[in-house]
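J.: Dumping the structure here so I can ask a few things about it.
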Amino acid sequence: SITLSKIGDTLSKFGDAVDYTITLNNTSSADSPNLVCTISDTKLGFSKPVTLASGANDINTVTGHTVPAEAADPYINTASVSCSPVGFPNVLTASDSHSVNLFQPAISLAKSGTPLSKIGDDVNYTITLNNDSSADTPAIECTITDAQLSVSKTVTLAYGASDIHHVTGHHVPEAA
């Protein structure tokens, strides 16, 4: 008898790398012959032949698999194994799937200001940054900059949150 388990990252996004561990255990009785197996995972491009004695295991770490842009959310992939005891026609199979929740990060930035002014007047501005990501997205760290207004600010925004920055009394410079 055999068991196969597949574990990996639980949260990611399109284009990011995810890592997996695929473990095959030979759970046969002590008097069983070795098992000749092939472990595979087509989405990961992973295939490995292995021979296991009773009670032995084979652990494989597959790193850097990139979540494709066309992946469904959640991104599910399955590892499978096929084994036969040495000298016997029996075929044992097992599989295990792993699901990665894919979040969709998104932000929007708006800048508004006094609609009409002249050289030498003070102008007021509002810069608004919104986290428009999917609800399962972790907090996003952003840097808001506007060199002309001398704004440089780092903010961390949770899903649905906004940062509103007011710049008051900005003096309209003379034309160069």
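The values are calculated or read from the model by the stated rules, or taken from the named source; none is laboratory data. Note that the structure is predicted; figures quoted are calculated from it, not measured. Neighbour counts are summed over all protein chains in view; Cβ atoms, including those assigned to glycine, are modelled from backbone coordinates with ideal geometry. Protein only, heavy atoms only, side chains kept; ligands, DNA and RNA dropped before computing areas. Shrake-Rupley method; radii C 1.70, N 1.55, O 1.52, S 1.80 Å.
J.: Give me the distance between the Cα centres of segment 5-39 and segment 56-104, rounded to whole Å.
T.: Comparing the Cα centres of segment 5-39 and segment 56-104, I get a distance of 6 Å.
J.: Right, here's the next one. Name the residue, out of 110, 71, 53, whose mean-square fluctuation peaks in a Gaussian network model built on the chain with Cα pairs under 10 Å.
T.: 110
J.: OK, next. Using a 4.7 Å Cβ cut-off, which Cys residues in the chain lack a partner cysteine?
T.: For the chain, the answer is 142, because their Cβ atoms have no other cysteine Cβ under 4.7 Å.
J.: Candidates (1) 1.34; (2) 1.41; (3) 1.27; which is the computed Rg/Rh (Cα atoms, Kirkwood Rh)?
T.: (1)
J.: Between residue 142 and residue 90, what is 0.36 nm times their sequence separation minus the Cα-Cα distance? Round to one decimal in nm.
T.: Working: separation 52, 0.36 × 52 = 18.72 nm, distance 5.76 nm.
Stretched fully, the residue 142-residue 90 segment lengthens by 13.0 nm.
J.: Roughly speaking, to the nearest percent, how much of the chain's 1.4 Å accessible area is carbon and sulfur?
T.: C and S fraction of accessible area: 53 percent.
J.: Right, something else. Roughly how many debye, to the nearest 20, is the charge dipole of segment 26-176 about its Cα centre, given +1 on each Lys and Arg Cβ, -1 on each Asp and Glu Cβ, and no other charges?
T.: 200 debye
J.: Label point 7 Å out from residue 69 along Cα-to-Cβ: which residues of segment 1-37 have amide N under 16 Å?
T.: Only 13-17 fall inside the zone, counting backbone N under 16 Å.
J.: Pick from 65, 98, 166: which is most flexible by mean-square fluctuation in a GNM of the chain where alpha carbon atoms under 10 Å apart are linked?
T.: Highest fluctuation of the listed residues: 166.
J.: Could you rank the peptides 8-14, 151-157 by their average count of other C-beta atoms within 10 Å per residue, with the highest value first?
T.: My ranking of the peptides, most packed first, is 8-14, 151-157.
J.: Here's something else I'd like to know. In straight Cα distance, which lysines are under 25 Å from residue 153, not counting same-chain residues fewer than 8 positions off?
T.: Those lysines meeting the cut-off are 111.
J.: If you take the beta carbon distance between residue 61 and residue 132 as r and set R0 to 45 Å, what does 1/(1 + (r/R0)^6) give as a FRET efficiency, to the nearest 0.05?
T.: Efficiency for this residue pair is about 0.80.
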